[in-house]
1. If you take the square roots of the eigenvalues of the alpha-carbon gyration tensor of region A:291-430 and sort them as a ≥ b ≥ c, do you get rounded (a/c under 1.5), prolate (a/b over b/c) or oblate?
2. To the nearest 20 debye, what is the magnitude of the charge dipole of region A:269-392 about its Cα centre, counting +1 on the Cβ of each Lys and Arg and -1 on the Cβ of each Asp and Glu?
3. Amide H to amide H under 5 Å from A:HIS224: which residues, 5+ apart in sequence or cross-chain, H placed 1.01 Å off N in plane?
4. Rounded, prolate or oblate: which fits region B:63-214 when a ≥ b ≥ c are the square roots of the eigenvalues of the alpha-carbon gyration tensor, with rounded for a/c under 1.5 and prolate only if a/b beats b/c?
5. Using amide H atoms built 1.01 Å from N in the peptide plane, name the residues 5+ places from A:ILE86, or on other chains, whose amide H lies under 5 Å from its own.
6. Please state the shape class of region A:134-213: rounded when a/c is under 1.5, otherwise prolate if a/b exceeds b/c and oblate if not, all from the C-alpha gyration tensor.
7. Cut-off is 10 Å between beta-carbons; in what order do A:VAL234, B:VAL97, B:VAL159 appear when sorted fewest neighbours first?
8. Could you please tell me the mean projected area of the C-alpha convex hull for the protein assembly as shown, averaged over all directions and given in square nanometres to one decimal?
There are 2 protein chains.
Amino acid sequence: MLERSSSYENLRSLCKGVGHRLSGTKSAEEAVKWAKFKLNSYDFDTVYLQEISVPHWERGDVERLDWTDINGQLHITNCTALGGTIGTNGVLSGKIVEINSWDELKQIGRDGIEGKFVFFNRPMNPTYVSTFMAYGNCVDQRHGGAARAAEYGAIGVIVRSMTLKFDNNPHTGSMGYKKDIAKIPAIAISTKDAHDLSEALKSDNFELAKMKLSCKILDDKVSHNVIAEIKGSVYPEKIILVGGHLDSWDIGEGAHDDGAGVVQSIEVLKTFIAMGVKPKHTLRCVLYMNEENGNRGGIGYADKVKKDGETHIFALESDRGGFSPRGYSIDGTPSQLKKIKSFETLLSPYQLHIFDKGYSGVDIGPLKNGSVCLVGLIPDSQRYFDFHHAPTDVFENVNKRELELGAAAITSMVYLIDKYGFSVPLENKK
Amino acid sequence: MLERSSSYENLRSLCKGVGHRLSGTKSAEEAVKWAKFKLNSYDFDTVYLQEISVPHWERGDVERLDWTDINGQLHITNCTALGGTIGTNGVLSGKIVEINSWDELKQIGRDGIEGKFVFFNRPMNPTYVSTFMAYGNCVDQRHGGAARAAEYGAIGVIVRSMTLKFDNNPHTGSMGYKKDIAKIPAIAISTKDAHDLSEALKSDNFELAKMKLSCKILDDKVSHNVIAEIKGSVYPEKIILVGGHLDSWDIGEGAHDDGAGVVQSIEVLKTFIAMGVKPKHTLRCVLYMNEENGNRGGIGYADKVKKDGETHIFALESDRGGFSPRGYSIDGTPSQLKKIKSFETLLSPYQLHIFDKGYSGVDIGPLKNGSVCLVGLIPDSQRYFDFHHAPTDVFENVNKRELELGAAAITSMVYLIDKYGFSVPLENKK
């Protein structure tokens, strides 16, 4: 797979030919066409689309957050609207209150917040070795900041970008509103701008902030998951799924998130064909739509599985970037975990060392039913949040070998599950 | 160390302030001054220089390899003289014979080779997961190609760059001559140029090659290893060494090779001071000169250790790039290996999984005496040869967190060796 893989060229084609592809946009529909065409170009048994309804949010042309200091000097930040935010309907101006914890928000309360912007500036914790841990402990500000600040009468929300890198790139991502709580606009600024703004606030060198966003929440649209299959030779009714998500944020090219998972998932099926290995179980590659802002693809897929009475024995998602694979995060029964851990001796020579119980992935999550084993590929996480949801998540920032090794790590696991997996009755294991 | 490390800023200062630093050059002397100044800026007990004599080779102004096809079209390659080569003394022109194995060289023999350039085009094998394995199985062409081709009367040698990346960057590196065999010039060309040249040769679309190199082998010069120490509180006479090499090739900035090892080694001692941990053994940071083309620093250091009757119990070198650390390669006795493997449970939560017997490093290699335990830090190897000895080995291609995690991996190992290490008598282990 390190010699003849087409995953890198497929990723180039997706990133450069289609580009970013937010659910509901034209380019997302281009991506669906791209995926269908690509899957049809290989010798898979079936390629088909699953219709789903997706949210449709548009960024619009204008996104600005400027502030003036006490000398009247204008500071223009590197900013990006958070996905799902309302627009500002003109220019919104006001003071800023910096908040570094939920306790602080409560303490300052309505008296200190009403009529102002709330600036959530709690950074990702650099002392975690896993950057996903740091992200997980921080992203509540982005997801829920607007709704919680609105409860105290804030007029808008500014969030420090979710990255450990100190640079000028703003990182977008999903946010949501709460029923019966006012909707206020939300924007992310780069870590450097967050630092500068915080310094200005601390030293009383801040006068006024102005926010302008032309985002719109529009009516849902029709879109599709794109699916390909190789029929199982022994247990065609039992499905092993590999997948990633086709949609991406509307800045950058969605290269690591999740173009990598898309092309790796395709590569798994392609490798079975290229090696002439007929899988015992049905191998299904699912390229999900709408992971980023709704997970309608993941939910819709799982609903259909239930409705159709299909049996999935195993599902593996790659959605943590195209970096050197380190192992697997396993959400399964104790016996499934034990089975997968037993592969460690086979896989550790390929520098796959992590076989831990843990979270799998957003798209495959809804499949969880107590019997299917869900797995997330764990690549090295150090650089992921340098690019995640940022203009820098482009093809050039993916390393060919790292991407291909990820595909090989998924393929090896799928091969072992297909050969020795949970569903195979003992008498067939000889 | 992920919060307060200065290794990234130190690397910036070395790469941008000094730049590349080949032994014998002015900038190598700047690097010695930089290192001495930097080490003196921390609260170490001693900082001193060890004088060594180093080779002095100069690239000169001109390095060209052009070829014409049968239509008279000129092809200018991206090339770089190999370190240590003689110049061409004017323009050297001739036909090219492509060679992909030593057997092929022998088979073609003097009849096919005399008066021509030999083009060693055996690529690194992409199927090895460790790129160092692929490099090790390929670099004999660069090291020994000129001497072996000269035996058959070749006029010069062209070597495919040692990288798995398919791009336009030529990669330099050391080569050597053999006593009593003619010295012929040697040059590396980029992998893309190697591919194009090979295609032209295969399709008989090649007419003539011209090589021009103005390299010079000059008289040896005086240079220095730069050394800092924290005295041991219990066993001051027993030394734990950490090190990397200060010199680099004369293209790029020597960022991964081995600016990373230099700043990480400094960081180890700095962290002991910052944490207020008094080491039991003497901690010595050795920044070696001349790893790249002679290893005079490594040999000279080991000679002095022997002469002075010093005892080293442990030496760890970082010289495989500033990437996410994966573990350690251990060159020691079975009991030393066992001891270090026993740390695995302490270190694997930090994603350090490799604790294998293996090669340590060029600089510390000469210390080997049957009792000192030698260790090489093993970072993820996938991207190393993208940059190794190439113009792209610059500060910008080092990731801050990956660099810092490497420093943390070395520090943790040194801390454990100092606390529980081989030399501590059992009665002190309570």
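Throughout, read-outs are computed from the coordinates displayed, never taken from laboratory work. As the structure is a computational prediction, the values presented were derived from the model and not from experiment. Here the Cβ is made from the backbone with ideal geometry for all residues, glycine too, and neighbour counts use every protein chain on show.
1. Since a/c reaches 1.5 but b/c is at least a/b, the shape of region A:291-430 is classed as oblate.
2. Taking the Cα centre of region A:269-392 as origin, the dipole is about 480 debye.
3. The answer is A:ILE52.
4. Numbers: a/c = 1.35, a/b = 1.11, b/c = 1.22.
Rounded, since a/c falls under 1.5.
5. Here the answer is A:ALA186, since their amide H atoms fall under 5 Å of that of A:ILE86.
6. Details: a/c = 2.00, a/b = 1.23, b/c = 1.63.
Oblate is the answer for region A:134-213, as a/c is 1.5 or above yet b/c matches or exceeds a/b.
7. Working: A:VAL234 13, B:VAL97 21, B:VAL159 29.
Sorted ascending by nearby Cβ count, the order is A:VAL234, B:VAL97, B:VAL159.
8. Taking the Cα atoms of the protein assembly as shown, their convex hull projects to 41.7 nm² on average.
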